[in-house]
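See structure below.
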Amino acid sequence: MDKKAKGILFKTYWSSSGWKDDKTTALSDFAYAKEKGLMFDPLSISHDDCVNRIIDIVNAITLDQVSKAFLSSLSTRRLDWRSGIGSYNIAKLFTPHKYTPVESGHSYKDGKVVHTSYTCKVCQNLNYGVVGHECYINEDLNVLNFERINWGGVRHGNLIYTLFDLEQFAKECIPEPTETDIEILKSILSTIASCNPGDSPSLLRDKLNDVPDLKSSKDERSIIIEILACIEVLKPMFYDRRTASKNDWTYAEFWRGEDGYNTESVGKYFGKYLGKWQI
């Protein structure tokens, strides 16, 4: 990844104090980052075309590729490689379909509805739900790429992100995981298995901070947990558990320590690398 282009992308959206209000990029800088494949022109696409492109591209990607990429990201901190496995799992749920509108929310003023939001009913009914709009006009792909590289992706439940993530993933040349990568995964699984029955995803996130060689921020560990939940390595036994009224969890919201990890999903994605290690 070109360091200068990455710097241009990051400086467009982020500063020492967080998200920037002014997200403009000098034309020469944008041209350079675009040439290096890290920034993009806005995308306009319909829901139906987006779904069809997702199905086409996910069928050209293998489970082994996304598993290898997730593992290889653990020691290298290539968070963009980490994101693909979540998008792959979501994309595999798609079947060809047309946009089918259903109300998804309302905006109010003085107690009256002033705006109604819609999403695709078919997408919404997928596991955990996918937000699919009828059309995307001048969609900013650069902020998606920033989030993908900086945290490992934060919009796995968004139709346009699924497409963008998989298209970028398909361009990557992923190295084989190292022994360090595999040991990090084993430590993550052991940490999950050692959780107390009532431990929440947030407590697991704190415990993952002690995993040897897993250099990560709090936000990065949150994404690891969400991705593992998305691919059902973290699979709740129950979905009627009490949760905080305000929380940032999507896929992992109902997971608790007593659930441990799903051996079937671990074997599906990572069995090749874990060998005789007790899954």
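The values are calculated or read from the model by the stated rules, or taken from the named source; none is laboratory data. These numbers come from a predicted model, not from an experiment. No Cβ is skipped: glycine too gets one built from the backbone with ideal geometry, and neighbour counts run over all protein chains shown.
Restricting attention to the stretch 201-209, does a residue exist that is buried (at least 19 other Cβ atoms within 10 Å of the Cβ), more than 30 Å from LYS11 (Cα to Cα) and not assigned by TED's automatic domain parsing to the domain that holds HIS97? Taking every residue of the stretch 201-209 in turn, at least one turns out to be buried (at least 19 other Cβ atoms within 10 Å of the Cβ), more than 30 Å from LYS11 (Cα to Cα) and not assigned by TED's automatic domain parsing to the domain that holds HIS97.
Select from the stretch 1-38 the residues that are part of a helix (DSSP H, G or I), more than 14 Å from ASN145 (Cα to Cα) and either small (Gly, Ala, Ser) or touching a strand residue (DSSP E or B) at 6+ places or on another chain (Cβ under 8 Å) (or both) and list them in ascending order.
As a first pass, look at the stretch 1-38 and keep what is part of a helix (DSSP H, G or I): 3-13, 27-35.
Of the ones still in play, those that are also more than 14 Å from ASN145 (Cα to Cα) are 3-4, 27-29, 31-32, 35.
Once the filter is applied, which keeps residues that are part of a helix (DSSP H, G or I), more than 14 Å from ASN145 (Cα to Cα) and either small (Gly, Ala, Ser) or touching a strand residue (DSSP E or B) at 6+ places or on another chain (Cβ under 8 Å) (or both), the stretch 1-38 yields SER28, ALA31.
Of the residues making up the stretch 5-43, those that are loosely packed, with under 12 Cβ neighbours inside 10 Å and of a type outside the set (Gly, Ala, Ser) are TRP19, ASP21, ASP22, THR24, LEU27, GLU35, ASP41, PRO42. Of all residues in the stretch 165-199, those being without any contact (Cβ under 8 Å) to a residue 24 or more places away in the chain and over 20 Å from the mean Cα position of the chain (by Cα) number 4. Determine if the stretch 183-193 includes at least one residue that is of a type in the set (Lys, Arg), farther than 18 Å from LYS276 by Cβ and either surrounded by 17 or more Cβ atoms within 10 Å (Cβ to Cβ) or outside the structural domain of ILE90 (by TED's automatic domain parsing) (or both). Within the stretch 183-193, none of the residues are of a type in the set (Lys, Arg), farther than 18 Å from LYS276 by Cβ and either surrounded by 17 or more Cβ atoms within 10 Å (Cβ to Cβ) or outside the structural domain of ILE90 (by TED's automatic domain parsing) (or both). Residue by residue through the stretch 92-107, note down the ones that are touching a residue at least 12 places away in the same chain (Cβ under 8 Å) and either surrounded by 22 or more Cβ atoms within 10 Å (Cβ to Cβ) or among the polar types (S, T, N, Q) (or both). Matches in the stretch 92-107: THR95, THR100, SER104. Quick check on GLU232: is it within 19 Å of SER83 (Cβ to Cβ) and surrounded by fewer than 23 Cβ atoms within 10 Å (Cβ to Cβ)? Considered against the rule, which asks whether it is within 19 Å of SER83 (Cβ to Cβ) and surrounded by fewer than 23 Cβ atoms within 10 Å (Cβ to Cβ), GLU232 comes out as yes.
In the stretch 47-154, counting only helices (runs of 4 or more DSSP H) that sit wholly within it, the ones holding 2 or more residues that are closer than 23 Å to LYS268 by Cβ span 47-58, 63-76, 79-91.
Within the stretch 200-219, the set of residues being assigned to a loop (DSSP other than H, G, I, E, B) and either within 20 Å of the chain's Cα centre (by Cα) or of a type in the set (Lys, Arg) (or both) comprises SER200, ASN209, LEU214, LYS215, SER216, SER217.
With respect to SER216, determine if the residue is of a type in the set (S, T, N, Q) and at pLDDT below 95. Let's see the steps before the verdict.
On the way: of a type in the set (S, T, N, Q): yes; at pLDDT below 95: yes.
Yes.
ALA252: in a loop (DSSP other than H, G, I, E, B), surrounded by fewer than 18 Cβ atoms within 10 Å (Cβ to Cβ) and modelled with pLDDT under 95, yes or no? No.
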